Structure formats: structure tokens, C-alpha cells
Amino acid sequence: MDGTQLRTCGRCGGRYDWRRSTSSSLKMTYCGVLCERGALGFTLDTLLAGVRVLPLEWKALFAV
Ligand SMILES: [Zn+2]
């Protein structure tokens, strides 16, 4: 173990193993979803969920 998995939480300053973070989108930044939400006021998950349904024109662009 070389400790490279250990990160310092961007909110609470705690040391954590990013692989164990409950934050799904910002594992490398926050120790958990509570800190992510506390720091941002929301989670990226909820944000991304809002745009998960792409306009059909966008899908055409990505498919090329
Ligand atoms: Zn934290």
C-alpha cells in the first residue's frame, strides 16, 4: 500500500480512500455524497439526471 488512494476531502478536510467515497461523480474531491452536496448545494448526480434525456439532435451528433 503506497497510500495513493488516499485523498483529502475538499469540504471536511478528512483523509479518505477515494474508492470508498459514496460520492459517485466526485470521488476524488469529496469523501462522500454528504460533503459533495454540502459543498455544492447539490450533487452532480441530480444535475446529470436532469440532462440525461438528450435532444434527438444531440444524439445524432454523438452517433457520428
Ligand atoms: Zn468530507
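The values are calculated or read from the model by the stated rules, or taken from the named source; none is laboratory data. The structure presented is a predicted model; accordingly, all values stated were derived computationally and were not measured. Cβ: placed from backbone, ideal geometry, glycine included. Neighbour counts: every protein chain shown.
Quick one: in the range 5-27, of everything that is charged (D, E, K, R) and outside any loop (DSSP other than H, G, I, E, B), which residue is surrounded by the fewest Cβ atoms within 10 Å (Cβ to Cβ)? Outline the logic, then answer.
Of the range 5-27, the ones charged (D, E, K, R) are 7, 11, 15, 17, 19-20, 27.
Imposing the further condition that a residue be outside any loop (DSSP other than H, G, I, E, B) reduces the set to 7, 15, 17, 19-20.
On the way: ARG7: 18, ARG15: 11, ASP17: 12, ARG19: 8, ARG20: 10.
My answer is ARG19.
Only one entry in LEU6, LEU40 is within 16 Å of the ligand (Cβ to nearest atom) and modelled with pLDDT under 85, namely LEU40. Selection over the range 28-38 of residues that are surrounded by 18 or more Cβ atoms within 10 Å (Cβ to Cβ) and in a loop (DSSP other than H, G, I, E, B) gives a count of 4.
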